[in-house]
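Encoded as structure tokens, the structure appears first; notes follow it.
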Amino acid sequence: MTDSATTRTEREDFQATSDPALIESADRGDVKLLSYQQLYELWERQQWRTQDLDFSQDREDWENFPDEEKFQRMYGLSSFFIGEQKVAEELGPMMRAAPTEEMRIFLCTQIADEARHVAFFNRFYEEVGVLESSNLQDRLKETSAHLNPKFHDLFDDMLHSRVDKLARDPSDLETLVEAITLYHMVIEGMLALTGQHFIITYNEENGTLPGFVEGFNNVARDEHRHVAFGARFLREMAQADPKYAEAIQRTLVECGPAADGVLTPPWYEEGMDLFGVSIEETREFAMKALGRRLKVIGLAPVT
């Protein structure tokens with residue numbers, strides 16, 4: 001981990017989330033997870049505004065990137081832009097299915113966060129001139145061409161099917177456990193936070209896209225708070241009934257190939273570095289974060 005990345009994850013506001021991936025003692029299964037009320041109060045303290053970001057230097061940087069670099073950067077940008085929009089749509093049924101009011105209140109804050117993340121990317125695209133489209137709907141459509149099929153498998157099939165099931169039957173707690181495993185542990189915890197880590201670090205080390213880096217740090221901090229909710233919920237459910245622990249493990253096995261595929265851009269060639277790191281380093285980072293969370297949930301051996 002680079003000095004800039006270490007400094008970022010050790011910041012007080014990042015550590016305040018109690019996401020097990022950021023805490024070394026999680027390797028021993030020893031993390032005091034925040035309560036749902038504490039997570040809500042943290043959300044109140046960690047507000048930020050997309051309209052405060054200055055993208056003037058970002059526009060100049062983007063114009064000076066070679067065409068090949070712009071094309072390669074679009075995979076990460078597109079995955080986040082469309083991913084944030086898709087998960088914002090899926091949270092409503094999950095929120096309604098949550099078994100306690102404290103959980104539902106926190107998930108309401110997450111819906112607001114995901115909407116703000118979409119607005120952040122939309123404003124970046126608009127002010128930096130990344131796309132030809134002139135509105136949010138068309139930008140989502142234009143940027144979708146940069147995704148790979150595994151992205152759709154994970155979001156449009158695996159997650160959406162479970163959310164549809166919850167919409168029909170909000171009392172189905174086993175499906176809610178599967179959906180939160182997919183959403184909070186895999187999509188946010190493994191994929192989003194891994195991508196954010198390496199994208200932010202690359203831009204920090206190269207002094208590029210400062211407005212984007214500032215905003216993306218805020219997005220990452222939000223995601224760590226969301227994942228902390230998921231870790232607490234899944235630990236409680238796994239302790240309550242072995243069938244929920246089995247549902248977590250079953251879901252992780254099922255989505256593994258699709259999740260791994262999302263980490264790999266469609267233009268990737270064997271041995272290629274992805275903005276300074278290998279695909280093996282990317283996988284290792286994602287799996288270490290998942291492993292720490294599973295140890296705290298109680299589903300992986302501690303060291």
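Throughout, read-outs are computed from the coordinates displayed, never taken from laboratory work. Nothing here was measured: the structure is a model prediction, and the numbers come from that model. Reconstructed Cβ throughout: ideal geometry from the backbone, glycine too, with neighbour counts over all protein chains shown.
Just to be sure, is residue 60 within 30 Å of residue 298 (Cα to Cα) and either in a loop (DSSP other than H, G, I, E, B) or acidic (Asp, Glu) (or both)? Step through it out loud before you land on a result.
On the way: within 30 Å of residue 298 (Cα to Cα): no; either in a loop (DSSP other than H, G, I, E, B) or acidic (Asp, Glu) (or both): yes.
Here the answer is no, as residue 60 does not meet what is asked.
Output the number of residues of segment 150-162 satisfying the condition of being closer than 14 Å to residue 78 by Cβ and touching a residue at least 12 places away in the same chain (Cβ under 8 Å).
So the count comes out to 3.
If only residues of segment 218-268 that are within 18 Å of residue 292 (Cβ to Cβ) and of a type in the set (Lys, Arg) are counted, the one that is surrounded by the most Cβ atoms within 10 Å (Cβ to Cβ) is 225.
Rundown of residues vs (1) of a type in the set (D, E, K, R); (2) closer than 20 Å to residue 265 by Cβ; (3) surrounded by fewer than 19 Cβ atoms within 10 Å (Cβ to Cβ), yes/no style:
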| position | (1), (2), (3) |
| --- | --- |
| 46 | no, no, yes |
| 53 | no, no, no |
| 63 | yes, no, yes |
| 70 | yes, yes, yes |
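For first residues located in segment 100-120 and farther than 16 Å from residue 173 by Cα and without any contact (Cβ under 8 Å) to a residue 12 or more places away in the chain, partners that are of a type outside the set (D, E, K, R) and assigned to a helix (DSSP H, G or I) and lie 6+ apart or on another chain with Cβ distances below 9 Å form the pairs 112/43.
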